[in-house]
Amino acid sequence: MAGTNQIEGFGGDPVWIVIVKAVLIFAFLVVLTLFNIWWERRVVARMQHRIGPNRHGPFGLLQSLADGVKLALKEDIVPKAADKLIFVVAPVLSVVPAFLAFAVIPFGPEVNLFGVRTPLQLTDMPVAVLFVLAIASIEIYGIVLAGWSSGSTYSLLGGLRSSAQMISYEVAMGLALVAVFLYAGSMSTSEIVHAQQGGWFAFLLLPSFVIYVIAMVGETNRAPFDLPEAEGELVGGFHTEYSSLKFALFFLAEYINMGTVSALATTLFLGGWRAPWPIGYWDGANEGYFPVLWFLLKVMFFIFLFIWLRGTLPRLRYDQFMHFGWKRLIPIALAWTLLVAAIRAIDREYGFDRNWLIGVAVVLAVLLVVTFLFPERSEEPEPEAAEFDAFANGYPVPPALEGFGTRGPDGPVPSSRAGGAAPDSLTAVRRDKEQ
């Protein structure tokens, strides 16, 4: 139960069942990555009126596998200026946490697996969501070390950008999850899914859902927030100097992280493995292995959202991106968290109609989206001085230097003349002589 050291239904599996679950999760993530790469290329091609990969295997499904083999057979280059040990360890430090985060994601209810009754989840703990956030944060070290150890300015700038943006948007992401913890009464992923039997938190806590979706795109360095890998500015960002399998590990880590944040969003906001309405009215919809199908469909919805954003929106400027995170997203998330905490306290003491919370959530979500539409306030530029026209009198004349006198053919020109103003340029002197 929540608040104890062990969640009910976990911790009693035989060792071989735990190993089987771990292997199945590993295989699932690898296959999911291969499919997501293919699906992204096909969807983006469709958006751009192209065909996309269609040669290797049915519908081109084996194209990702062919690309993986090609990367494995490429030459592994290590720059002379690189710190070789850290250069090799950095990709591993990025990809291992990506696999570990799925240990607490529930795929379904209790099922009969090889004759053993066990939940479709490797493990669970009272602070499972914090475990996911902590493990995901370790990936930052791999990216920063990759940028520093490459001995390249582009890689170092990409690593610094990535660390700054991940830390910035993790704050907003954590604040968005606090409201979920308050209403679920637990940080256990399985109990949060159980708490959504009466309705998804995506509707009840709509601002939290919108903030999380924005933050998860920034957290995974995906377009339009792919600033650490901006090709036009940093060549390839933190993995500019990487090739062969080391580059493949970074590629794998990125797509697994997309799956991780999508699975976490499904678990916390879309009811997890529970069937969507109206399928949930069917008695067998949430039993056996059917919930795995609902879980995968919800995860693929978020993956499609990633692909849609990449094919639609241009990349933000770095200052705009950080300004939005710190000055808009985090204050709104903080205000919403305080509001939910206050409403939760009132609900426990005096009772509170949840319809009011849904109404406030809709209003705040609309305001959050509208903040994208309003341009940032910019200081009015100072009026520019009138441009000097060299052909004002019909022939080219260079501008006079201020503070210096002018000299005519008969010697220095006096600063003032009777019946006229002091000439301040060579043009005025010549005009006076012509008259």
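The values are calculated or read from the model by the stated rules, or taken from the named source; none is laboratory data. It should be emphasised that the depicted structure is a prediction, and the values quoted were computed from it without experimental measurement. Note that each Cβ is placed from the backbone with ideal geometry, even for glycine, and that neighbours are counted across all protein chains shown. The accessibility values were calculated without ligands, DNA or RNA, using every heavy atom of the protein model including side chains. Shrake-Rupley method; radii C 1.70, N 1.55, O 1.52, S 1.80 Å.
Miscellaneous remarks
- Among residues of the stretch 26-44 that are over 20 Å from residue 104 (Cβ atoms), those with a beta-carbon under 6 Å from a residue that is polar (S, T, N, Q) at least six positions away or on a different chain give the pairs 34/64; 37/64; 38/63; 38/64.
- Condition check for residue 152: within 25 Å of residue 227 (Cβ to Cβ), among the polar types (S, T, N, Q), in contact with a Gly (Cβ under 7 Å, 6 or more places away or on another chain) and touching a residue at least 40 places away in the same chain (Cβ under 8 Å): no
One line per residue, one yes/no per condition, for (1) modelled with pLDDT under 90; (2) over 16 Å from the mean Cα position of the chain (by Cα):
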site: 277; (1), (2): yes, yes
site: 297; (1), (2): no, yes
site: 311; (1), (2): yes, no
site: 320; (1), (2): yes, no
site: 336; (1), (2): no, yes
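- Considering the stretch 153-169, the residues that are open to solvent by less than 20 Å² (accessible area, probe 1.4 Å) and more than 15 Å from residue 215 (Cα to Cα) include one that is farthest from the chain's Cα centre (by Cα), namely 155.
- Of the helices (runs of 4 or more DSSP H) contained entirely in the stretch 170-264, those carrying at least 3 residues that are more than 20 Å from residue 345 (Cα to Cα), open to solvent by 10 Å² or more (accessible area, probe 1.4 Å) and hydrophobic (A, V, I, L, M, F, W, C) fall at 206-219.
- Annotation note: of 120, 73, 130, the sole residue that is under 30 Å from residue 288 (Cα atoms) and surrounded by fewer than 16 Cβ atoms within 10 Å (Cβ to Cβ) is 130.
- Some residue of the stretch 295-312 being outside any loop (DSSP other than H, G, I, E, B), touching a strand residue (DSSP E or B) at 6+ places or on another chain (Cβ under 8 Å) and farther than 20 Å from residue 178 by Cβ: yes
- Restricting the first member to the stretch 49-61 and to residues that are farther than 16 Å from residue 33 by Cβ and modelled with pLDDT of 90 or more, and the second to residues that are of a type in the set (D, E, K, R) and open to solvent by 70 Å² or more (accessible area, probe 1.4 Å), no beta-carbon pair is closer than 7 Å while six or more apart or on different chains.
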